[in-house]
Amino acid sequence: MLQETRPNKKLYVVTEQGKAFLKDWMAQPSAISSVKDDLLVKIFGGYLVPVEVVVEDLLAHRQQHQARLDEYQSIEQQFFPERERLPPVARFQYLTLRNGIRYERSWLAWCEEAIAYLQPSKLQNSN
C-alpha cells in the first residue's frame, strides 16, 4: 500500500486455504506451554550471588510487569468499556487480553513475595 507521509506498508490477507488450515489447527487440543524464563533460572541459582543482585533483578522485573499491566488495562478501558455488550469477535479478543492482565498481576504478586522473602534481614539467620 502506498503512503505519502509514511513508508509503504505491506498488507497481508489470509487465503481460504490458510483459513481452512487455521480452523483445523484450532480444532486440535492445545498443549500447555513450557515456561522458559531467564529470571526463574537466575532465581534457581540465586544462592551463587549476593541476595541484593537477585532482589535488584526482581525489582526491575516488577517495574516491567507493572508497565505492561498498565498498558493492558489501558487497552481494556479504551477498546472494551462494556464487556457485556461485546460482539462475538471482540469477546474472544477480550478474553485474550484478560489472560494477559491476569498473567501480569500474577507476576507482580510473585515478585512482591520473592522480594519480601529474600530481603537480607530474613537471610541473616540462615547463613
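FYI, it's all coordinate maths here, none of it is from the lab. Computed from a predicted model, the values in this text were never measured in an experiment. Cβ: placed from backbone, ideal geometry, glycine included. Neighbour counts: every protein chain shown.
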Among (1) 19.0; (2) 16.2; (3) 16.6, only one was calculated for this model; which label is it, if the read-out is Kirkwood radius over Cα pairs in Å?
(1)
Arranged by the count of other C-beta atoms within 10 angstrom, fewest first, what order do THR15, THR5 take?
THR5, THR15
Report the full-extension gain for the segment ILE101 to LEU48: residue separation times 0.36 nm, less the Cα-Cα distance, to one decimal in nm.
15.8 nm
What number, in percent, do you get for the relative contact order of the chain if the mean sequence gap of Cα pairs under 8 Å and at least 6 apart is divided by its residue count?
27 percent
Given springs between every Cα pair under 10 Å in a Gaussian network model of the chain, which of GLU56, GLU16, GLU71 has the largest fluctuation?
GLU16
Could you tell me the distance between the Cα centroids of the stretch 47-121 and the stretch 1-46, to the nearest Å?
20 Å
For LEU95, net neighbour charge (Lys/Arg +1, Asp/Glu -1) across residues whose Cβ lies under 13 Å away
+3
Provide the gained length on full extension for the span SER33 to TYR94, in nm with one decimal, where the gain is 0.36 nm per separating residue minus the Cα-Cα distance.
19.9 nm
